[in-house]
Amino acid sequence: MSQPFFPTTPATPDPDTPAPVLSKDVPLNSINNTSLRIFLPKKSLQSSPNSQKLPIIVYYHGGGFIYLSASSSMNHDFCFKLAEMLSVVVVSVDYRLAPVSRLPAAYDDGVEALQWLRTTDDKWVREFGDITKCFLMGTSAGGNMVYHVGLRVLQKTIDDFDFEPLKIRGLILHHPFFGGAQRTESELRLINDEVLPLKSGDMMWELSLPEGEDRDHKYCNPTVLDEDIDKCFDQIKLLRWKVLVTGCYGDPLFDRQVEFVEILRRKGVEVEEYFGDGCHGMEALDLNSNLAVPARFLVILHIVVCDDG
């Protein structure tokens, strides 16, 4: 499959750079050729040893499981802005892509990134990041990953695996990429959407789901539940994780996202939602905009991530 061209941005680890955020790449799994790009607000380097450490956002990028990387300029710029404007450490995961590595490969890489985070001696993480205040965040396919990586973490917790000292405090699903065999009203209304036309979404699922599976597989359709997932929902309540789902009315996936929120609430999970005007992934596409929507989005993120309440 030929890949379209997406511009990339190199990491900038040099503390003498004029940019307000530093970034660097570290390997995750050499066999799988996965890595992490870490973003650190440069002002942290001047902080005193007793300064409060920064929350950590583990970020999973979008691209329908088949495109983009942590170094893609749109993803780099988005994580840069998150680190700068929220004063957080961002760990962006460069996971395996389909169709070479179909799901659940990306989910496995997402969990492996958390294993790395809990054991690493990386200076930026250990000196400046608070691994007891970690949030999983992802855009589009990355939002889907947040859900499924979260389920895997919860299942490991149920099975008595200890993630200490790492503590996950919440899940942030930014325009999550969900689907299903039955078409929704928003999909049909926006069938030729400029950002995510229906045929493109279908192709992404065809290339990324396990061979022979359709869009009613649980990786795609969040309405497909089982006893293990119900136990994970109970664990979310027990651990008091925060859950935020964001989206836009002009997204073909809007109905799926609303349905996902309703499922969580029926299961007793406390979830915050933020839906506004715009298109699929709009804040990631245009976080530099002076429009009010990205500004409100950042305010909501700040409340979720930086509020100790």
Consider LEU54 against the criteria (1) surrounded by 20 or more Cβ atoms within 10 Å (Cβ to Cβ); (2) touching a residue at least 60 places away in the same chain (Cβ under 8 Å); (3) under 20 Å from GLU283 (Cα atoms); (4) not hydroxyl-bearing (Ser, Thr, Tyr): it satisfies all of them except one. Which criterion is unmet?
(3)
Considering the stretch 81-135 alone, what residues qualify as being part of a helix (DSSP H, G or I) and of a type in the set (A, V, I, L, M)?
LEU82, ALA83, MET85, LEU86, ALA105, ALA106, VAL111, ALA113, LEU114, LEU117, VAL125
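Of all helices (runs of 4 or more DSSP H) completely enclosed by the stretch 197-304, which ones contain at least 1 residues that are on the phi > 0 side of the Ramachandran plot and modelled with pLDDT under 95?
Per the criteria, no element qualifies.
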Go through the stretch 177-196 and count every residue that is at pLDDT 95 or above and closer than 14 Å to MET282 by Cβ.
2
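Just to be sure, is GLY180 crowded, with 19+ Cβ neighbours inside 10 Å, of a type in the set (Gly, Ala, Ser) and within 24 Å of VAL305 (Cα to Cα)? Steps first, answer last, please.
Details: crowded, with 19+ Cβ neighbours inside 10 Å: yes; of a type in the set (Gly, Ala, Ser): yes; within 24 Å of VAL305 (Cα to Cα): no.
It is false that GLY180 is crowded, with 19+ Cβ neighbours inside 10 Å, of a type in the set (Gly, Ala, Ser) and within 24 Å of VAL305 (Cα to Cα).
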Given the structure, is SER92 of a type in the set (Ser, Thr, Tyr) and out of contact with any Ser or Thr (no Cβ under 6 Å at 6 or more places or on another chain)?
yes
Subset of the stretch 91-128 that is of a type in the set (Val, Ile, Thr) and more than 15 Å from SER69 (Cα to Cα) - its residue that is surrounded by the fewest Cβ atoms within 10 Å (Cβ to Cβ)
THR119
Please indicate, with yes or no, whether at least one residue in the stretch 103-117 is at positive phi and out of contact with any Leu (no Cβ under 7 Å at 6 or more places or on another chain).
no
Which members of the stretch 165-221 meet the condition of being without any contact (Cβ under 8 Å) to a residue 40 or more places away in the chain and polar (S, T, N, Q)?
GLN182, ASN192
Based on what the data block shows, is LEU225 in contact with a Pro (Cβ under 6 Å, 6 or more places away or on another chain) and surrounded by fewer than 18 Cβ atoms within 10 Å (Cβ to Cβ)?
no
Within the bounds of the stretch 122-132, is there any residue that is of a type in the set (Gly, Ala, Ser), more than 24 Å from VAL245 (Cβ to Cβ) and touching a residue at least 40 places away in the same chain (Cβ under 8 Å)?
yes
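The values are calculated or read from the model by the stated rules, or taken from the named source; none is laboratory data. Just so you know, these numbers come straight off a predicted model, no measurement behind them. Don't worry about glycine lacking a Cβ; one is built from the backbone with ideal geometry, like all the others, and counts go over all protein chains shown.
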